[in-house]
């Protein structure tokens, strides 16, 4: 068995991250994922190029376990081929603007007319039903509108997270919902349309902050790496690096106070709750900063670990690749790619499962690598495929 989703076919019309990553998760779980690309390749294939022929780092990650077919569905014959693929598929993933999807025949009504029980999983930036619904956008825009960007970085300098966490979280949630839709179809025979939205995901992650603002109207401002609701919780310089330490709860704070040789701090009336410690974070973090300054990173982290106080090193990307623990857990899998100068470290399926794990079975595909293979599965002859290529349909 190729995986728990063996026998399920997914057509991936996604672009960039959220949609393609949802399809990646389904592929990791065994689905046959066919990525449909323009004849010259999708934009996301070439983002942050790392190989001799310009394949992008993001595509090499989210393109795993997929087959690549090039197709122009705006031509009549191309539309016929697309509809043949839809009839053979269970799920269509598309994060294209609604009007573009309609023009391509990828809107739900068009797809449902081709296959009644099709599941269509789509992604927008801002979500349907509002004045921004027809606007296009990326991860950073959702960060900006959710309140998260305002609360990130130094005060007065709203800062976008450098990693597109909203995109990846949206893709993960969409994959989960798609699995639920498959289960629903198993029970009822009914397909459906799903819509993920980057802004909804971002507000889900920022919801506690929004609830606090609605209820208490504190109008918080950013405080860089310091937590405002606990202390010490900040980055601290050591003799040879930087660590992030997060002390939350009275028990951890008492152990921390003992560790730094200031047990009386645990009895200070100002520091009897996370809220109180957060309100006095400058004083508490100053004490921790002094304690860390003359110690190595390893000394700090070992001392914290001995007392079960959370701490971790702040690593550069190269240090992440080299870190012993990261190599020991084996999460980054080395995968060869034809035009890469060395094996590529690809993040595996992010959840460990004892009975039906997600796996990387194949590298990201070269552009159009499986076009002939898939068309032959649909019944096209070699000469018909050659004609389609001459007519620039594939």
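Nothing in this text is a laboratory measurement; each read-out follows from the coordinates by a stated rule. Because the structure is a prediction, the values reported are computed rather than measured. For neighbour counting, all protein chains shown are included, and Cβ atoms are generated from backbone atoms with ideal geometry for every residue, glycine included.
Please list 184-190, 51-57, 84-90, 172-178 highest first by mean number of surrounding beta-carbon atoms within 10 Å per residue. Write out the running numbers ahead of the final one.
Numbers: 184-190: 11.0, 51-57: 15.7, 84-90: 18.9, 172-178: 20.6.
In decreasing order of mean packing, 184-190, 51-57, 84-90, 172-178 become 172-178, 84-90, 51-57, 184-190.
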- Message: What is the angle, in °, between the Cα long axis of helix 76-88 and the longest principal axis of the Cα atoms in the chain? Nearest 10 is fine, range 0 to 90.
- Response: 60 degrees
- Item | Long-range tail of P(r) for segment 196-237 (Cα pairs > 18 Å, %) | 45 percent
- Between the alpha carbon centres of segment 155-203 and segment 117-148 the gap in Å comes to 10 Å
- Task: Give me the angle, in degrees from 0 to 90, between the Cα long axis of helix 281-293 and the longest principal axis of the Cα atoms of the chain, rounded to the nearest 10.
- Result: 90 degrees
- So, by mean Cβ neighbours within 10 angstrom, what's the order for 302-313, 237-248, 137-148 with the highest one leading? 137-148, 237-248, 302-313
- Message: Going by average Cβ density within 10 Å per residue, which order do the peptides 369-382, 262-275, 157-170 take, highest to lowest?
- Response: 157-170, 369-382, 262-275
- Item | Counting DSSP beta bridges with both ends in the chain, the antiparallel % (nearest 5) | 35 percent
- Roughly how tilted is helix 165-188, in degrees to the nearest 10 and between 0 and 90, from the longest Cα axis of the chain? 50 degrees
- Note on the structure: Per principal axis, largest first, the Cα atoms of the chain extend in Å by 83, 47, 40
- Cα centroid separation - segment 242-263 against segment 47-81, whole Å: 50 Å
- Expressed in angstrom and ordered largest first, the alpha-carbon extents of segment 23-175 along the principal axes are 56, 43, 30
- Whole-number D in µm²/s for segment 248-349 (Stokes-Einstein; Kirkwood sum over Cα pairs; 20 °C, 1.002 mPa s): 129 µm²/s
